[in-house]
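Report on the structure given below.
The values are calculated or read from the model by the stated rules, or taken from the named source; none is laboratory data. Computed from a predicted model, the values in this text were never measured in an experiment. Quick reminder, even Gly has a Cβ in these numbers, built from the backbone with ideal geometry, and neighbours come from all protein chains shown.
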Amino acid sequence: MSARFGFVSVVPPFVGAQQEESVVAEYVTALTAMGGQRVDAQTLDSAGPLLYLVATGGTEKVVMDLRARRAQVAPDEPVVLLAHPGNNSLPACLEVLARLHQDGTRGRILYLRSAHDAQDLALVLGVVDDLVAHTALRGSRIGLIGDPSDWLVASTPAADVVQGTWGPQVVPIAIDDLLASIKGISSAAVAPAAASLVSGASGVAEPSGTDLADVARVHAALRSMVDEYHLDALTVRCFDLVLELETTGCFGLSQLTDEGVIAGCEGDLVSTVGLLWVRDLLGETPWMANPAQMDQSANTLWLAHCTVPRTMVSSYRLRSHFESGQGVGIQGELPAGPVTLLRIGGTRMERLWLAEGEIIASGHAEDLCRTQAEVRLTSGHVSELLRESLGNHIVVVYGHHADRLRAWWEMFI
């Protein structure tokens, strides 16, 4: 099995190999047991994140030289310095980090109180996972199928902004290509998918058999585009499906997300990046929704959308799409439990709103999108959305992850 990360032991030129090993041996053993692989100055181009185990003082220039070499293959990788209590390791790390910040390079010191401290070693693994997520985002491809919906006036960043700040490459795809692909797929080809959608539902209200076949065709067409363009995620100007074909993308987006391909609505690149970030960093399935109603005194928020990953719900009914009354929308029941809410924003997607709370109810109101969840915030306040809105759509993920997400954002954005 390949190593989770690499690490290089750093000593000054005047320290011999035997002396170096006497200082770092226990740390090398601990890091190796965690899935690390020791590399040397000649193998800094190893795959995966690289950590710098600063063995002694006098290593400041050596670290800077090693970082310059590593930057040739990983220019955007933050410098993670591992310090320990002896041999002036910590003073050297402090000096290096100050210089990195002067140069505009991201970096962080992890202080290991000993080679046997489980809590500190767990922090190392957390940072490794952060670096892996950063690399994954930098290598991702998001398909933008059609232009963002006209109403997303604050959620239409240029492709270079998405890539420059968060890393993913935006792949533009004409909406007409999707429409043509959908028309070319026969009902017989998607009959099993439509049948599976119905068999898993607790009920079917408005959708007809034709509606079900149509949304299954949308999924098949989107799936083919994922394969053709090698996409990790996509977002669709989905209301064009309603206008042109009298069908919806709600099932297709839900199913793709459950298949491991992040899928956002309405051509919203900002929210799609948020969905992809959550998946890559936390390994959890996220949901994208509208903040539809709020109660400031109770610090509660109703979220609603006509699609939801079916793996997130305890049950679902098949309804029409709320705004149009056409196609198929998913009315899912989201279980009660802890959740984290987030929204990316700003002219360069550099801002972040985070809150934690609990889902306390699912709803069935007929004047909102079909899947509805009431969240009571336990950190953050709903009034923040009114004062400093970063945009409409909110990303929701089960569990309390605000500290983890904020730490990653502070390090990488």
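What the table below lists for this structure:
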item: Selection status of MET349, surrounded by fewer than 22 Cβ atoms within 10 Å (Cβ to Cβ), assigned to a loop (DSSP other than H, G, I, E, B), assigned by TED's automatic domain parsing to the domain that holds PRO207 and among the aliphatic types (A, V, I, L, M); result: yes
item: Residue in segment 276-295 that is assigned to a loop (DSSP other than H, G, I, E, B), assigned by TED's automatic domain parsing to the domain that holds HIS364 and among the hydroxyl-bearing types (Ser, Thr, Tyr) present; result: yes
item: Any hit, segment 374-382, residues being within 19 Å of HIS321 (Cβ to Cβ), buried (at least 19 other Cβ atoms within 10 Å of the Cβ) and assigned by TED's automatic domain parsing to the domain that holds ALA154; result: no
item: Filter result for the condition that a residue is farther than 30 Å from THR247 by Cβ and of a type outside the set (Gly, Ala, Ser), over GLU206, GLU95; result: GLU95
item: Positions within segment 36-51 being in contact with a Ser or Thr (Cβ under 9 Å, 6 or more places away or on another chain) and surrounded by 13 or more Cβ atoms within 10 Å (Cβ to Cβ), in sequence order; result: GLN37, ARG38, VAL39, ALA47, GLY48, PRO49
item: Candidate set from segment 243-262 (those that are assigned to a loop (DSSP other than H, G, I, E, B) and touching a residue at least 40 places away in the same chain (Cβ under 8 Å)); member that is farthest from ASP211 (Cα to Cα); result: GLY249
item: Flag for GLU228 being assigned by TED's automatic domain parsing to the domain that holds ILE182, modelled with pLDDT of 95 or more and out of contact with any Phe, Trp or Tyr (no Cβ under 9 Å at 6 or more places or on another chain); result: yes
item: Whichever residue in segment 20-35 is in contact (Cβ under 8 Å) with a residue 60 or more places away in the chain and over 26 Å from ALA133 (Cβ atoms) and, among such residues, is surrounded by the fewest Cβ atoms within 10 Å (Cβ to Cβ); result: THR29
item: Residues satisfying the stated conditions in segment 186-207, i.e. without any contact (Cβ under 8 Å) to a residue 60 or more places away in the chain and not aliphatic (A, V, I, L, M); result: SER186, SER187, PRO192, SER196, SER199
item: Among the residues listed as PRO85, PRO78, the single one being in contact (Cβ under 8 Å) with a residue 24 or more places away in the chain, within 16 Å of TYR52 (Cα to Cα) and crowded, with 17+ Cβ neighbours inside 10 Å; result: PRO78
item: Sole residue being surrounded by 15 or more Cβ atoms within 10 Å (Cβ to Cβ), among the polar types (S, T, N, Q) and out of contact with any Phe, Trp or Tyr (no Cβ under 8 Å at 6 or more places or on another chain), chosen from SER114, SER149, SER140; result: SER140
